[in-house]
Each structure stands twice: as C-alpha cells, then as structure tokens.
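The values are calculated or read from the model by the stated rules, or taken from the named source; none is laboratory data. Predicted model, so just to flag it, every value in this text is computed and none were measured. For neighbour counting, all protein chains shown are included, and Cβ atoms are generated from backbone atoms with ideal geometry for every residue, glycine included. For accessibility, only protein heavy atoms count, side chains too; no ligands or nucleic acids. Shrake-Rupley method; radii C 1.70, N 1.55, O 1.52, S 1.80 Å.
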Amino acid sequence: MRAQASLEFLLIGSAVAAMCLFVVTFYSHSILTQDDALSSLANGTAAGQYYAPLSGFLNLLGAPGTQQPNAMQQAYAVQISNRSEYMKYGLGSPSYLVNMTQFSHCVYLGFFGHPFNISGQCGTNDAWYYFSGYGCQAQDGAFCIVPHNSSYYVLETNGSRGYAYGFTLELSTPYGQMLARLSSNSSNATVFLAGSPVGSAEVVGVSSAQAAASAAVLASNTTQSLANWTAYAGYIQARNVLYPLLKFYNGTSAGQGTQASIEQAVAYFNSTEYALVRGGTQQTGCAVHGREYACAASSPFMYVINITLGPSFSGANETLYYLGSEVSVRG
C-alpha cells in the first residue's frame, strides 16, 4: 500500500513538472514574439520617417538614420546682428537768414512841407524807419532799417521722427541656423535655412529709448550743414530783441539815446547772422538728406518681429527676447 502511494505521487509530480515546462516555454515564445513586434515598430519610425517633412535638413541634425529628439521640445534662440540704425527727423519750412542795412538822411518833405511816408524816406515799404536829431537845419533826420534775405536759410527739426534700419536676424533652431535680412525699406523678408526659404519675418514695431533731438540745418542753394546751435541761439535772441524794438519806434520820433541803442542792436544782429553763416559744421554720424536730418542711433533700436515658419515646422510656438526686442516664432 505504501509503495503504491509513492508511485502515484511520482506520477503526479512528473505531470506537474511537464505542465510547468510547457507554460514557461509558451510564455517565453510569446515574449520573444512581442519583442520582435516592438523592434519592428521602432524600426518603422526611424528618424528619417519621423521627421519626414524635414528630410531635406536632416544632415543638419546628425548622422542619417539616427533618432533625433523632438524639435519642439527644444528652445529657440535669437540674435540681431549687423545693425545699421539711424534716427530720422523731419525738417520744417525754410527760414531765410536776414541781415540789415541802415542809413539816414534829412527828412524828405513833400510840396506842402509834410514828410514823405516810409517808401518815400527809405525807398521801400519793407523797412522800418524813425525820426531823430540829425543836424539838419529845419527838420530831423530819417533813419531807415531795411532787411535783406541772405542766400542762407535754416531748417529746424519739427518734432517728427522716424527710424532707418537694417539688420540680420539670426534664429538658432534644432534644425540649424535660420537667417533673414530686414530693413526699413522692406519690413518683410524671407527666412532661409541652409540657403532654402522656410518662412517669413516681419517687423511690426520699432522704437528707441533715445530722446528726440533738436537741431537746425544751415543750408543754401549749394550747401547743407548742421548749424552751430550756440550761434543759431544767439541769432534768434538778437532777432527777438531787435524786431520788437523796431516795431515800437517805427514811424515815430526817438531821442538820441534811443537812436544810438537801435543802431547798436542792428549792428549786433548783423554780427550774429555773420557768425551763424561762418559757424556751420557737420556733426559726426549725422547727415542731411533733403528735408530729413538723420543721425546714427546712440542705443540699439527695439523691434517687435513676427516669424512665420512653413508647414514643415508646424507646432513651433516661441516668444524670444533680445536686448529689448521681442521675436515671436510660429509654425
């Protein structure tokens, strides 16, 4: 009886061992089969197929056939180089410089002994005149001051300003360096990658922290230069003193002291006009072009730039900053 039980136990144990061996063999085969399937799937999504829309630029990413990281997970970087930036200021209407001629004589009298009017005394209505002692026997002297426009005129900045610029936009991407050349002549430009167009860039805003400049341009029919600001201010100040004085005494009588003061004011005004014409200069970095005055910017311009990449770069969504400029990259 005990021998029979041992035999039955051995038979049952053999059966269980055989069953375990079958299960392990089947499971191992299943695992190997799944592993082959995953390998096949991975091979089917190699880099060349995953980045199929960018196949023309894979040489910029690494060796052909190697799996590349998802480009959209990598940050872009921007730089603005090769800058040429000028502030442009509009110029107002020309204001001709004036010099004065002054002369005097005994008052000219008419048939009935009345003094002639200003044109009779000075030969023109465009003048100022007054009467003062002159040593004539029966009447005072007539003193005439006649203005003459010189061949020089001044153009002042009128408060308006603009921006003249040109620069290279460099965009570092996982695919390589993209480049675009933008200027104030054309705010739109093509973005290139390895010499091929891949999108467009547009300047939608430009500003400067530089304060607006006040300047005066001294010009004639043949020359243009930046007026010496000190000389110009002296000319304006002398004119603002002389003109009201001449207007106040125009056609009236003046004492000897006043007459001497008027003569001195006229002579000083003429000297300031002479100093202004002789003091013309050309500031370094500035130039006059027609009715515009332009100077090299003292600080970098700040731009707002939109970059739109082609369908091959769908999913790009970056906002970048560089020295105060903002660059939006969209795909």
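Centroid-to-centroid, using Cα positions, the range 123-142 and the range 260-311 are 42 Å apart.
In order along the range 316-325, phi translates into HN-Hα couplings of 5, 7, 10, 10, 10, 10, 8, 6, x, 8 Hz, rounded to whole numbers, per the Karplus curve 6.51 cos²θ - 1.76 cosθ + 1.60 with θ = phi - 60° and x for Gly and Pro. Taking the 1.4 Å solvent-accessible surface of the range 146-266 as the whole, the part contributed by carbon and sulfur is 49%.
Based on alpha carbons, the Rg and Dmax found for the range 139-202 are 28.1, 97 Å.
Would you pull out the residues with amide H under 5 Å of G280's amide H, same chain only if 5 or more places away, H placed 1.01 Å from N? Answer set, sorted by chain and number: N228. Spacing of the modelled spin labels on N188 and S220, each 7 Å from Cα toward Cβ, amounts to 4.8 nm. Between A287 and T230, the modelled label-to-label distance comes to 2.8 nm, taking each label 7 Å out from Cα in the direction of the beta carbon. Entry for the range 79-197 at q = 0.09, 0.15, 0.22 Å⁻¹: log10 I(q)/I(0) = -0.55, -0.83, -1.14, Debye formula applied to identical alpha-carbon scatterers, no solvent contribution. The listed residues E202, E85 rank as E202, E85 when sorted by accessible area, largest first, using a 1.4 Å probe.
As a calculated quantity, the FRET efficiency between Y268 and A212 at R0 = 25 Å, using C-beta atoms, amounts to about 0.20.
Based on protein heavy atoms only, the range 122-280 ends up with 48 Å² per residue of surface accessible to a 1.4 Å probe.
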